[in-house]
Amino acid sequence: MPSTEQDRERAQSIDSLRSIWAAGGQPQPVPPWYRRVTRRQAGATAACLAVLLLAYLAIRSVDSEVTQHRVALPTELAGLPRAAEDQDLRTLRSEYEAQQSRRYALRAVQVQGYGRPGATGLRESELLAVAMEGSFPDAAQAATAMLGGYSPTGGSLRDGTPVAGMQTYAPGPLGGTIACATVGEPDSASAVCAWADGSTLGALVDRTGELTAEQLADRTRQLRALTEQPA
């Protein structure tokens, strides 16, 4: 019975294998990917993994030394109830989240106004509070950056608003840093305080222009005591 084309190809394949065995060789399987990597490539990969591991352990070490808090702005501050939210407050919250997330790993951002009973939105708020939850390794730098960054001759916010008279105040039992300054033109300047510790960052703005920086620092300590909760 005549052989088919398939039979001939099979016979040739068998003959090829027999010739390899006859020559003392063995057909070799394709090595797995990890056996095709050169020693130099393996060394470079191991070095990268070691660097990443050390960075991860360093971050975990810093975080483990920081008392972790979550933020929850109170319903009332200094006798002023929370103002009803409006679009201005929502926009301000979005702006803080967008700006600060470029610097820090944020977990939560809250913005709230406080005013007379029935007050609505940013315009009717006498105090404006901002509280963020995340990782802020350098408390002093984070707090002063909220006020445009420290400068002995005065500085400005991102939009060019003048900042003058920045100084730090006692942070209270929660630790970290509180920095306060007057923000705005001389005829309309208001006190603003910012605080930071390892896990929270925030600010308190006196929109009435009636409080001194020292008075607002005291309000900021009160705000922190009400806002920072054990994680």
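Just to check your reading of the model, which residue among 154, 113, 149, 134 is at pLDDT below 95, of a type outside the set (Asp, Glu) and touching a helix residue (DSSP H, G or I) at 6+ places or on another chain (Cβ under 9 Å)? Steps first, please.
Details: 154 fails: touching a helix residue (DSSP H, G or I) at 6+ places or on another chain (Cβ under 9 Å); 113 fails: at pLDDT below 95; 134 fails: at pLDDT below 95.
149 is the lone residue from the list that is at pLDDT below 95, of a type outside the set (Asp, Glu) and touching a helix residue (DSSP H, G or I) at 6+ places or on another chain (Cβ under 9 Å).
Out of the range 196-214, which residues are of a type outside the set (Gly, Ala, Ser) and surrounded by 15 or more Cβ atoms within 10 Å (Cβ to Cβ)? Walk me through how you get there before you give the answer.
Residues of the range 196-214 that are of a type outside the set (Gly, Ala, Ser), as a first pass: 197, 200-201, 204-208, 210-212, 214.
If the condition is that a residue be of a type outside the set (Gly, Ala, Ser) and surrounded by 15 or more Cβ atoms within 10 Å (Cβ to Cβ), then 197, 200, 201, 204, 205, 206, 207, 211 are the ones that fit.
What number of residues within the range 200-231 satisfy the criterion of being of a type outside the set (A, V, I, L, M), under 17 Å from residue 71 (Cα atoms) and either touching a Phe, Trp or Tyr at 6+ places or on another chain (Cβ under 7 Å) or assigned to a strand (DSSP E or B) (or both)?
Within the range 200-231, the subset of a type outside the set (A, V, I, L, M) is 200, 202, 206-210, 212, 214-215, 218-222, 224, 227-230.
Pick out the ones that are also under 17 Å from residue 71 (Cα atoms) and you get 200, 202, 219-222, 224, 227-230.
Then keep just the ones that are either touching a Phe, Trp or Tyr at 6+ places or on another chain (Cβ under 7 Å) or assigned to a strand (DSSP E or B) (or both); that gives 200, 202, 220, 224, 228-230.
Counting residues in the range 200-231 that are of a type outside the set (A, V, I, L, M), under 17 Å from residue 71 (Cα atoms) and either touching a Phe, Trp or Tyr at 6+ places or on another chain (Cβ under 7 Å) or assigned to a strand (DSSP E or B) (or both) gives 7.
Name the residue that is surrounded by the most Cβ atoms within 10 Å (Cβ to Cβ), counting only residues in the range 162-195 that are farther than 17 Å from residue 216 by Cβ and of a type outside the set (Asp, Glu). Before the answer, list the steps.
Filtering the range 162-195 for residues farther than 17 Å from residue 216 by Cβ gives 162, 173, 175, 185-187.
Imposing the further condition that a residue be of a type outside the set (Asp, Glu) reduces the set to 162, 173, 175, 186.
Numbers: 162: 16, 173: 8, 175: 13, 186: 8.
So, considering only residues that are farther than 17 Å from residue 216 by Cβ and of a type outside the set (Asp, Glu), the one surrounded by the most Cβ atoms within 10 Å (Cβ to Cβ) is 162.
Being touching a helix residue (DSSP H, G or I) at 6+ places or on another chain (Cβ under 8 Å) and either among the hydroxyl-bearing types (Ser, Thr, Tyr) or surrounded by 15 or more Cβ atoms within 10 Å (Cβ to Cβ) (or both) is the filter here, so list the residues in the range 84-110 that pass it. Outline the logic, then answer.
Here is the first cut: in the range 84-110, the residues touching a helix residue (DSSP H, G or I) at 6+ places or on another chain (Cβ under 8 Å) are 103-104, 106, 109-110.
Those that are touching a helix residue (DSSP H, G or I) at 6+ places or on another chain (Cβ under 8 Å) and either among the hydroxyl-bearing types (Ser, Thr, Tyr) or surrounded by 15 or more Cβ atoms within 10 Å (Cβ to Cβ) (or both): 104, 106, 109, 110.
Which of (1) in a strand (DSSP E or B); (2) over 20 Å from residue 103 (Cβ atoms); (3) hydrophobic (A, V, I, L, M, F, W, C) does residue 194 not meet, given it meets every other one?
(2)
The values are calculated or read from the model by the stated rules, or taken from the named source; none is laboratory data. Quick caveat: nothing in here was measured; it's all calculated off a predicted structure. Virtual Cβ from ideal backbone geometry, glycine too; neighbours counted across all protein chains shown.
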